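Everything below concerns the one structure shown next.
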Amino acid sequence: MNKIRHAQQRKKKPTLGIALGAGGARGFAHIGILKSLAKHNITPDYIAGTSVGAIIGAAYAAGRSPEDIASFFQNTDWKEVMDFTIPQAGIMYGEAGEKLIRELIYNKSFKQLHVPLSVVAYNLTAHKKEVFTKGNVARAVHASYSIPGIFAPVTIGKCSYIDGGIVDPTPFDVLQKKNVDVILAVDLYSPLNQNHAAMKRERELLEKLKHRFIVKELFYVKNYIFPTRWPNLIRNILIWLFDKIFYPQQILRFLSKRELPVITQVMNETINTLTNNLAWEKMHHGKIDIVIKPYFDSLDWLDLDQVEKFVKIGEQAMENKIPELKKKLGR
């Protein structure tokens, strides 16, 4: 009987867990990783995701194919995701993004997913890393991508949450706690991928956000002074006077010279630095079976319109590691 049991244990299929990390648009490379795995009939048994990694991981776990996920993002109007708010803890709510996620994952809960998923966020209230494995997937993913200073913190229960990238940029350690046999982690923070062109694009993006933020501010001010409950004719006349007389173009130009809220700039630079350093340290000292390091050249986290390029980069990076992965999986 013992011999039979031991033989069965030897034949047991090794479990595969993949860690999909933070990295903005670079995270679209995760789609290519999944595409390559599917081509070789390799299906992950567990997925752990942070930020964009949580988004891609949730979509796949909900039953979408890598090709479908890529198509979804290629057809996304990113301007519609920018739901500005009067700044307190962030300049965007992030609710528009959560609505997008619900559509992407067919509004499934964790227990309805095809692949067990762990979503990493940071609990501001309890000052600790939080790993979501049950409940509302879209809400958990929203918390995971809520970059401090850009998105307002997300409330789940009695706690507030922000981007998990500040504590676990590539969550392979989550898989280690599940005793997964083979762990594949995608490193989007290789020093080779840091470049000055990306820093320039980052400054340009912040400049665009600043102007959009100002326009939104004016919209809120006018709606506050002239409530929508007023008769349309009177309201339209007063708004016209406001725009032409009380708020002339030179004032708008003056406001345009204002910088985005200081917290947005400081947190953006701080998070970038901390995340990059933390990711490198964790990957350098982590015991990981397979590490995928896509090389993005001049592409970076702001290039949301370059989905296809990122997918190809991720696919090629995974193809280079397929023989090693198959060997570890006993194939």
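The values are calculated or read from the model by the stated rules, or taken from the named source; none is laboratory data. Since the structure is predicted, the reported quantities are computational estimates derived from the model, not experimental observations. A quick note on method: Cβ atoms are made from the backbone with ideal geometry, for glycine too, and the neighbour counts reach across all protein chains shown. Surface areas here come from the heavy atoms of the whole protein model, side chains and all, with no ligands, DNA or RNA. Shrake-Rupley method; radii C 1.70, N 1.55, O 1.52, S 1.80 Å.
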Residue list for the range 125-139, filter: in contact with a Lys or Arg (Cβ under 8 Å, 6 or more places away or on another chain) and more than 16 Å from K178 (Cα to Cα): T125, V137, A138
Those residues of the range 149-178 which are open to solvent by 10 Å² or more (accessible area, probe 1.4 Å) and part of a loop (DSSP other than H, G, I, E, B), in sequence order: A152, P153, G157, K158, V167, K177, K178
Among residues of the range 20-43, those that are open to solvent by 10 Å² or more (accessible area, probe 1.4 Å), modelled with pLDDT under 95 and farther than 22 Å from V131 by Cα, counted: 1
Tabulated pairs, the range 100-124, first more than 18 Å from V180 (Cα to Cα), second among the polar types (S, T, N, Q) and not in a loop (DSSP other than H, G, I, E, B), C-beta under 7 angstrom, 6+ apart or interchain: S109/N136; A121/S144; L124/S160
Residue satisfying condition, being closer than 28 Å to K309 by Cβ, among the aromatic types (F, W, Y) and at pLDDT 90 or above, within set F73, F132, F110: F73
V131 being open to solvent by 40 Å² or more (accessible area, probe 1.4 Å), in a strand (DSSP E or B) and in contact (Cβ under 8 Å) with a residue 12 or more places away in the chain: yes
Within the range 114-128, tally of residues that are open to solvent by less than 40 Å² (accessible area, probe 1.4 Å) and not in a strand (DSSP E or B): 1
Test: P14 is open to solvent by less than 40 Å² (accessible area, probe 1.4 Å), out of contact with any strand residue (DSSP E or B) (no Cβ under 9 Å at 6 or more places or on another chain) and at pLDDT 65 or above: no
Index of the failed condition, S160 passing every other in (1) out of contact with any Leu (no Cβ under 6 Å at 6 or more places or on another chain); (2) at pLDDT below 95; (3) farther than 18 Å from Y46 by Cα: (1)
Restricting the range 107-144 to residues that are over 18 Å from the mean Cα position of the chain (by Cα) and of a type in the set (S, T, Y), the residue that is farthest from G21 (Cα to Cα): T125
Residue within the range 87-97 that is at pLDDT 85 or above and either surrounded by fewer than 20 Cβ atoms within 10 Å (Cβ to Cβ) or not polar (S, T, N, Q) (or both) present: no
